[in-house]
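Trainee: Quick one: this structure, given as structure tokens, is what I'll be asking you about.
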Amino acid sequence: MSELEQLHLDGGADLGAAPQKASDDLAGLRMVEALLFASSEPLSLEELTLRLPEGADVLGLLEALQEMYAPRGVNVVRLAGKWCFRTAEDLSYLMHRNVEEQRKLSRAALETLAIIAYHQPVTRAEIEEIRGVSTSKGTLDVLLETTWIRMRGRRRTPGRPVTYGTTEQFLIHFGLENVKDLPGLEELKGAGLLDSAIPASFLVPIPSDDVALTEDEDPLEDGTLFDEETDETAGS
């Protein structure tokens with residue numbers, strides 16, 4: 001085959017490549033859209049990659065779909081490192097009533113949840129020290145039932161109390177990419193959640209929800225759900 005013929009064939013392949021790529025991209029967008037729409041839980045990049053044709057630019061498709069849905073009533077968002085459809089933020093007030101009916105927590109439970117989110121890993125005794133009042137086991141049980149907190153491990157101190165931390169469901173429910181997106185000191189002041197006259201030494205900790213146990217934590221053993229209260233009492 002002559003060089004001219006080879007060049008003609010190469011050129012012909014190039015002319016057909018753009019329409020074919022556009023068709024593949026459209027098909028990929030529809031696949032990603034269908035998977036996210038049908039899933040009851042957010043999907044990770046890895047989960048989507050396994051379901052799409054080999055070689056698909058899944059991240060690129062997600063970003064394109066995110067841009068496409070940006071002006072709509074539902075958006076494609078990334079929460080806890082996973083992707084899903086969520087009501088547009090400016091329309092969230094429409095869902096406010098439903099959310100409150102499903103997850104109506106007491107003030108004690110909300111305070112406990114906030115302490116766990118910012119100070120994790122944290123024990124029941126440490127929660128009580130921060131709050132300045134005792135925390136009933138029932139409050140922690142309620143939060144465990146919401147699946148927003150979990151038992152992480154046991155503190156390497158007398159009594160070996162259970163440590164608590166937040167979960168992926170906590171991030172998804174509150175619309176957070178990770179726990180570091182929780183509001184800081186100035187944001188809390190601006191929202192009226194902190195007194196503007198708080199001491200200069202007051203600091204809001206930088207939260208971390210690293211799943212790895214810290215140096216002063218041991219793994220949970222079988223039976224933790226039943227002997228937690230006894231261990232907490234032993235350590236007090």
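The values are calculated or read from the model by the stated rules, or taken from the named source; none is laboratory data. The structure displayed is predicted, hence computed values, not measured ones. Backbone-built Cβ (ideal geometry, glycine too); neighbour counts: all protein chains shown. Each accessible area value is taken on the protein alone, full model and side chains, heavy atoms only, with ligands, DNA and RNA left out. Shrake-Rupley method; radii C 1.70, N 1.55, O 1.52, S 1.80 Å.
Trainee: Being hydrophobic (A, V, I, L, M, F, W, C), surrounded by 10 or more Cβ atoms within 10 Å (Cβ to Cβ), at pLDDT 65 or above and not in a loop (DSSP other than H, G, I, E, B), is that true of even one residue in the range 184-207?
Mentor: Yes, there is a match, as at least one residue in the range 184-207 is hydrophobic (A, V, I, L, M, F, W, C), surrounded by 10 or more Cβ atoms within 10 Å (Cβ to Cβ), at pLDDT 65 or above and not in a loop (DSSP other than H, G, I, E, B).
Trainee: Turning to a different aspect of this structure: Filter the range 152-180 down to the residues that are open to solvent by 30 Å² or more (accessible area, probe 1.4 Å) and at pLDDT 90 or above, then identify the one that is farthest from the chain's Cα centre (by Cα). Spell out the reasoning first.
Mentor: Restricting attention to the range 152-180, the residues satisfying the condition of being open to solvent by 30 Å² or more (accessible area, probe 1.4 Å) are 156-158, 160, 168-169, 173-175, 177-178, 180.
Filter again for at pLDDT 90 or above, leaving 156-158, 160, 168-169.
Values: 156: 28, 157: 30, 158: 33, 160: 28, 168: 4, 169: 6 Å.
Result: 158.
Trainee: Sort out which residues of the range 48-68 are touching a residue at least 12 places away in the same chain (Cβ under 8 Å) and either in a loop (DSSP other than H, G, I, E, B) or basic (Lys, Arg) (or both), and write them in order of number.
Mentor: Scanning the range 48-68 gives 51, 52, 53, 56, 57.
Trainee: Would it be correct to say that residue 45 is out of contact with any strand residue (DSSP E or B) (no Cβ under 7 Å at 6 or more places or on another chain), closer than 20 Å to residue 171 by Cα and surrounded by fewer than 15 Cβ atoms within 10 Å (Cβ to Cβ)?
Mentor: Details: out of contact with any strand residue (DSSP E or B) (no Cβ under 7 Å at 6 or more places or on another chain): yes; closer than 20 Å to residue 171 by Cα: yes; surrounded by fewer than 15 Cβ atoms within 10 Å (Cβ to Cβ): yes.
Here the answer is yes, as residue 45 does meet what is asked.
Trainee: Can you find even one residue in the range 49-63 that is on the phi > 0 side of the Ramachandran plot and among the aliphatic types (A, V, I, L, M)?
Mentor: So in the range 49-63, the residues on the phi > 0 side of the Ramachandran plot come out as 55.
If we keep only those that are among the aliphatic types (A, V, I, L, M) too, we end up with none.
Taking every residue of the range 49-63 in turn, none turns out to be on the phi > 0 side of the Ramachandran plot and among the aliphatic types (A, V, I, L, M).
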